[in-house]
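The values are calculated or read from the model by the stated rules, or taken from the named source; none is laboratory data. Predicted, not measured: the structure shown is a model, and the values here were computed from it. No Cβ is skipped: glycine too gets one built from the backbone with ideal geometry, and neighbour counts run over all protein chains shown. Just the protein is used for accessible areas: all its heavy atoms, side chains included, with ligands, DNA and RNA removed. Shrake-Rupley method; radii C 1.70, N 1.55, O 1.52, S 1.80 Å.
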Amino acid sequence: MLTTVSQANAYDVAMENFDSAADVMGLDKNTREMIKWPERMLTVGVPVRMDDGNIHRFTGYRVQHSSVRGPAKGGIRYHPQVSLDEVKALATWMTWKCAVVNIPFGGAKGGITCDPKKMSQGELERMTRRYTSAILPIIGPEQDIPAPDVYTNSQTMAWIMDTYSMTKGYAIPGVVTGKPISLGGSLGRNEATGRGVFSTIECACEHLHIPLKGATVAVQGFGNAGSITAQLLFDAGAKVVAVSDSTGCVYNKNGLNIPELIHMKSLCGHVDGFPEAEPILPHELLAMPCDILVPAALENTIHADNGSAVRARIIAEAANGPLTPAADRILESKGVFIIPDILCNAGGVTVSYFEWVQDEQHLFWEARDIYKRLDHVMKTAFRDVLKIHLEHNVSMRIAANMLGIGRVAEAVQIRGIYP
Ligand code: GLU
């Protein structure tokens with residue numbers, strides 16, 4: 001177990017964040033009614049023949065929160081904790097996230113309640129294909145474009161792309177992003193979330209006059225976002241002293257050798273038992289005195305009960321929704337600088353946008369162009385959010401929400417209501 005997780009409902013958190021930002025903006029009631037709620041929510045039964053011959057019926061979801069600024073966009077998550085409320089929260093955050101980095105997408109999210117770690121590749125493939133066929137009427141390159149999220153990856157996207165394309169009768173790579181390169185995926189998409197997190201950490205360090213070289217870092221969660229962020233910080237000369245995943249936590253006061261840790265995790269699937277490190281407990285990682293804490297796991301891992309133990313100067317939210325509003329208040333009063341999720345981890349969906357543009361144009365870009373454009377998008381968004389934070393004297397989270405909500409509100413006001 002990573003750490004204790006608050007019972008806070010992610011959707012309640014998303015709604016509270018919306019209301020706080022909308023209040024500061026003085027957003028009128030009619031616009032709130034138009035943009036606050038999901039446009040469409042689909043719950044599907046996903047029967048799968050398991051390897052033992054029995055049929056197991058999973059439950060899946062796809063929520064489209066907004067298509068005001070463009071096609072709905074967001075990942076698909078496979079996890080035992082997936083619920084409709086969680087997917088609604090994640091879809092809502094995708095809407096504001098795409099608007100914060102100013103890419104022409106709305107927000108969506110999908111998920112299946114399952115334990116992918118206990119399933120074979122064959123079972124995962126059959127589940128993915130059946131789920132795709134169940135949500136097929138509402139997805140498409142101009143309508144709603146899935147991508148990877150927790151415990152899904154480029155292989156999952158390849159199965160979705162194939163199922164969708166076989167049904168339509170021709171290859172349609174633009175229906176998903178985060179695909180393998182051989183199917184029209186983009187260079188740099190796999191490491192995009194981590195790169196984006198890193199760009200925003202660079203900005204925060206510059207703002208707070210903290211040299212990145214030698215800065216101490218703790219990373220909670222060592223999946224795609226956590227491990228790549230750790231690698232980039234290591235490359236920049238920061239000292240990543242503690243790392244955790246769902247199996248355990250490791251600590252070395254002189255800094256962990258991140259490339260070796262990534263290598264070990266790729267071989268045996270966990271960080272636990274890493275040589276030249278001592279095991280620590282999850283709450284010790286969160287309470288680590290460090291410059292930068294990177295929560296890169298699930299929602300609500302920092303909450304009312306453990307928030308006051310945090311001793312970091314910067315929190316970079318690589319995960320979606322890792323802090324509850326109660327934790328926000330505690331950390332804000334302690335002067336911790338928070339880079340909120342809808343800004344911090346927007347690098348993933350930004351390169352998803354680049355991938356979709358490349359697929360639509362059938363013209364592919366070089367890695368260096370992608371990295372340069374991504375860095376530019378992330379740093380522009382950081383500056384825009386920081387400006388609101390300073391000018392309105394609101395938290396970075398409220399500032400990011402104000403920026404995202406403001407752009408969606410403007411679009412909906414210009415479009416007007418149909419009919
Ligand atoms: N799952 C990622 C996120 O939460 C990426 C979504 C996407 O690329 O559409 O931002």
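DSSP finds beta bridges in the chain, and of those with both partners inside it, around 50 percent are antiparallel. Ranked by the mean number of other Cβ atoms within 10 Å per residue, highest first, peptides 230-238, 125-133, 65-73 order as 65-73, 125-133, 230-238. Counting only Cα atoms, the stretch 43-164 measures 47, 27, 22 Å along its principal axes, largest extent leading. Put a plus charge on the Cβ of each Lys and Arg, a minus charge on the Cβ of each Asp and Glu, and nothing anywhere else: the dipole of the stretch 226-311 about its Cα centre is then about 140 debye.
With an 8 Å Cα cut-off and a minimum separation of 6 or more residues, compute the relative contact order for the stretch 113-178 in percent.
Computed over the stretch 113-178, the figure is 35 percent.
Peptides 361-370, 288-297, ordered by how many other C-beta atoms sit within 10 Å of their residues on average, highest first, read 288-297, 361-370.
Sorted from greatest to least, the principal axis extents spanned by the alpha carbons of the stretch 2-104 come out as 57, 35, 24 Å.
For the stretch 143-210, which GluC sites (Glu not before Pro) pass both filters: DSSP loop (anything but H, G, I, E, B) and at most 16 other C-beta atoms within 10 Å?
On the way: sites: 191, 202, 206; in loops: 191.
Taking the stretch 143-210 and a limit of 16 other Cβ atoms within 10 Å, no loop GluC sites (Glu not before Pro) are found.
Can you pull out the trypsin sites (Lys or Arg not before Pro) in the stretch 180-220 that DSSP calls coil and that have at most 12 other Cβ atoms within 10 Å?
Details: sites: 189, 195, 213; in loops: 189, 213.
Passing both the DSSP loop test and the Cβ count: 213.
Could you sort 396-409, 41-54 so that the peptide with the highest average Cβ count within 10 Å comes first and the rest follow in order? The partial results should precede the final answer.
On the way: 396-409: 24.4, 41-54: 13.3.
Descending mean neighbour count gives 396-409, 41-54.
Given their separation in residues at 0.36 nm each and the Cα-Cα distance between them, residue 235 and residue 375 gain 48.8 nm when the chain is fully extended. Near residue 271, within a Cβ-to-Cβ distance under 10 Å, what is the net charge of the other residues, with Lys and Arg +1 and Asp and Glu -1? Charge balance in the 10 Å sphere: -1.
What is the antiparallel percent of DSSP beta bridges lying wholly in the stretch 215-258, to the nearest 5? Don't jump to the answer; show the numbers that get you there.
On the way: 4 of 9 bridges.
Counting only bridges with both partners in the stretch 215-258, antiparallel ones make up about 45 percent.
Think of the chain as a dipole: +1 on every Lys or Arg Cβ, -1 on every Asp or Glu Cβ, centred on the Cα centre; then among 165, 243, 95, 165 lies furthest on the positive end. Remark: the chain carries a charge dipole of roughly 560 debye about the Cα centre, counting +1 on each Lys and Arg Cβ and -1 on each Asp and Glu Cβ. Placing +1 on the Cβ of every Lys and Arg and -1 on the Cβ of every Asp and Glu, with nothing else charged, gives the stretch 298-419 a dipole about its Cα centre of roughly 460 debye.
Set Lys and Arg Cβ to +1 and Asp and Glu Cβ to -1, take the dipole of the chain about its Cα centre, and tell me which of 78, 354, 152 lies farthest positive. Positive-most Cα among the choices belongs to 354.
Taking every alpha-carbon pair under 8 Å whose residues sit at least 6 apart, the chain reaches a relative contact order of 18 percent.
Summing +1 for each Lys or Arg and -1 for each Asp or Glu among the other residues whose beta-carbon sits under 11 angstrom from that of residue 249 gives -4.
Considering only protein heavy atoms and a 1.4 Å probe, what is the carbon-and-sulfur percentage of the accessible area of the chain? Carbon and sulfur atoms account for 53 percent of the accessible area of the chain. Calculated on the Cα set of the chain, radius of gyration then Dmax: 20.4, 65 Å. Per residue, the solvent-accessible area of the stretch 288-379 (1.4 Å probe, heavy atoms of protein chains only, all protein chains present) comes to 36 Å².
For residue 207 and residue 55, the FRET efficiency from 1/(1 + (r/R0)^6), where r spans their Cβ atoms and R0 equals 45 Å, is about 0.25. Near residue 327, once Lys and Arg are set to +1 and Asp and Glu to -1 for all other residues with Cβ below 15 Å from its Cβ, the sum equals -4.
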